[in-house]
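Each remark here refers to the structure printed beneath this line.
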Amino acid sequence: MNSRYAIYFAPSEASLLWRAASQWLGRDAARNVALAQPEVPGYSAEQVAALTQTPRLYGFHATLKAPFHLDEGQSAAALCGALARFAQERVAFALPELEVALLSGFLALLPKQRSAALHALADDCVAAFEPFRRPPEASELARRRVAGLTAGQDTLLARFGYPYVLDQFRFHMTLTGPLEPSDGARLRQWLGQYFAAALNEPIHVGDLCLFVQDRPDADFFILQRFPLKPR
């Protein structure tokens with residue numbers, strides 16, 4: 001029961017964005033294999049690896065339902081069945097244009113405008129899969145509170161095990177860990193150029209991904225994709 005599951009959006013593995021982001025992070029979460037990272041002027045390979053250590057563990061994604069352990073009486077097979085039914089009740093849609101931007105001290109891909117379809121999907125994911133989530137231990141709640149939460153975020157943390165949901169949800173695809181301000185500006189410009197071609201491609205939410213972490217500190221990888229109804 002040490003496995004953790006998460007419901008994420010991840011671009012198609014055939015897309016330029018998936019390939020570019022996986023290369024940048026140094027791991028392909030679909031195949032669960034390490035990749036050589038690109039050279040970044042002014043940074044050693046070790047520095048690039050350190051800057052991407054945290055997002056590399058989780059794989060390239062956007063969170064819809066944050067990582068959780070299965071509750072007593074639940075199973076991975078039941079979760080997969082519920083997710084398949086959930087996905088087939090929803091229609092695929094296009095993401096707004098994305099850009100490299102700073103978010104709370106780290107770099108991520110953020111939409112340039114709000115998407116009602118995206119927020120509705122995230123809200124539905126949070127609520128629909130609550131029966132599968134084992135309540136977090138006190139130590140996990142304490143760890144999240146160290147970051148400093150608003151009263152509203154703390155209420156969401158207590159209710160859903162994660163503070164950045166519902167009205168606090170902000171779609172993002174993480175590219176780095178926390179950065180010094182000078183590194184943030186420098187890398188934002190470089191990554192903007194690095195991702196330019198990939199971000200010119202239309203990006204569709206055509207399926208939902210179930211990621212799994214087999215044991216503590218192991219890398220998350222895509223266990224299965226669940227297609228939405230075609231538009």
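Restricting LEU83, LEU118 to those that are part of a helix (DSSP H, G or I), closer than 28 Å to TYR194 by Cβ and out of contact with any Asp or Glu (no Cβ under 7 Å at 6 or more places or on another chain) reduces the list to LEU118.
Take LEU179 and decide whether it is in contact (Cβ under 8 Å) with a residue 60 or more places away in the chain, hydrophobic (A, V, I, L, M, F, W, C) and either more than 20 Å from ALA127 (Cα to Cα) or surrounded by 12 or more Cβ atoms within 10 Å (Cβ to Cβ) (or both). Spelling it out, LEU179 is indeed in contact (Cβ under 8 Å) with a residue 60 or more places away in the chain, hydrophobic (A, V, I, L, M, F, W, C) and either more than 20 Å from ALA127 (Cα to Cα) or surrounded by 12 or more Cβ atoms within 10 Å (Cβ to Cβ) (or both).
On inspection, ARG159 does not qualify as buried (at least 16 other Cβ atoms within 10 Å of the Cβ) and more than 20 Å from ALA10 (Cα to Cα).
Taking the listed residues ARG231, ARG215, the one that is out of contact with any Cys (no Cβ under 7 Å at 6 or more places or on another chain), under 22 Å from ALA87 (Cβ atoms) and among the charged types (D, E, K, R) is ARG231, with no other qualifying. Any residue in the stretch 117-131 that is aromatic (Phe, Trp, Tyr), touching a Lys or Arg at 6+ places or on another chain (Cβ under 8 Å), over 25 Å from THR52 (Cα atoms) and surrounded by 15 or more Cβ atoms within 10 Å (Cβ to Cβ)? Yes; the residues of the stretch 117-131 include at least one that is aromatic (Phe, Trp, Tyr), touching a Lys or Arg at 6+ places or on another chain (Cβ under 8 Å), over 25 Å from THR52 (Cα atoms) and surrounded by 15 or more Cβ atoms within 10 Å (Cβ to Cβ).
Each row is one residue, and each column tells you yes or no for (1) in contact with a strand residue (DSSP E or B) (Cβ under 8 Å, 6 or more places away or on another chain); (2) of a type in the set (Asp, Glu); (3) under 17 Å from GLY206 (Cβ atoms); (4) at pLDDT below 95.
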| residue | (1), (2), (3), (4) |
| --- | --- |
| MET1 | yes, no, no, yes |
| PHE9 | yes, no, yes, no |
| ASN32 | yes, no, no, no |
| PRO38 | no, no, no, no |
| ALA77 | no, no, no, no |
| ALA94 | yes, no, yes, no |
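For the stretch 81-113, a residue qualifies if it is surrounded by 15 or more Cβ atoms within 10 Å (Cβ to Cβ) and free of Cβ contacts under 8 Å to residues at least 40 places away in the same chain, and exactly one does: PRO96. Any residue at all in the stretch 37-49 that is outside any helix (DSSP H, G or I), touching a residue at least 24 places away in the same chain (Cβ under 8 Å), more than 20 Å from GLN224 (Cα to Cα) and hydrophobic (A, V, I, L, M, F, W, C)? Checking the stretch 37-49: at least one residue is outside any helix (DSSP H, G or I), touching a residue at least 24 places away in the same chain (Cβ under 8 Å), more than 20 Å from GLN224 (Cα to Cα) and hydrophobic (A, V, I, L, M, F, W, C).
The values are calculated or read from the model by the stated rules, or taken from the named source; none is laboratory data. Just so we're clear, the structure is a prediction, and the values are computed from it rather than from any experiment. Every residue, glycine among them, receives a Cβ derived from its backbone with ideal geometry; neighbour counts consider all protein chains shown.
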